[in-house]
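Trainee: Sharing a structure below in structure tokens format, with a few things to ask.
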């Protein structure tokens, strides 16, 4: 009985992970500009990969396998959002065009389109 419940959870996690990864790919193809695409990819990639890692935790026994998967998950949950933010900020600073009708609420220091150092930065 316990094996059946584990197998059902594995299938649910795998299907959920593949669904979110597929939605991220559709967002990458369909959304109009870099900022919208990165928003879709950043969220869907992290959640989809996290669900697949959860399924793998249930499939592969052993302390070393579980430790490796937990390390992969932790690194993924830290690195994916940071890199998405870094790419988006770089694109914003470089003046990448947005879709017509988009607006920003800037928290960065700007003067005449030039990026200036923030508080405490030289």
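The values are calculated or read from the model by the stated rules, or taken from the named source; none is laboratory data. Because the structure is a prediction, the values reported are computed rather than measured. Here the Cβ is made from the backbone with ideal geometry for all residues, glycine too, and neighbour counts use every protein chain on show.
Trainee: Listed residues 48, 17; which is surrounded by 12 or more Cβ atoms within 10 Å (Cβ to Cβ), within 30 Å of residue 102 (Cα to Cα) and out of contact with any strand residue (DSSP E or B) (no Cβ under 7 Å at 6 or more places or on another chain)? Even if it seems obvious, please write down each step before you answer.
Mentor: Working: 17 fails: within 30 Å of residue 102 (Cα to Cα).
Only one candidate passes the filter, namely 48.
Trainee: Name the single residue that is modelled with the lowest pLDDT among those in the range 73-122 being in contact with a strand residue (DSSP E or B) (Cβ under 8 Å, 6 or more places away or on another chain) and under 27 Å from residue 31 (Cα atoms).
Mentor: The first filter runs over the range 73-122 and keeps only residues in contact with a strand residue (DSSP E or B) (Cβ under 8 Å, 6 or more places away or on another chain), leaving 93, 108-109, 116.
When the remaining residues are screened for being under 27 Å from residue 31 (Cα atoms), the result is 93, 108.
On the way: 93: 85, 108: 59.
The extreme case among them is 108.
Trainee: Could I ask something else about it? Could you list all residues from the range 51-86 that are surrounded by 13 or more Cβ atoms within 10 Å (Cβ to Cβ), without any contact (Cβ under 8 Å) to a residue 40 or more places away in the chain and closer than 20 Å to residue 7 by Cα?
Mentor: Passing the criteria: 51, 52, 53, 56, 57, 65, 66, 69.
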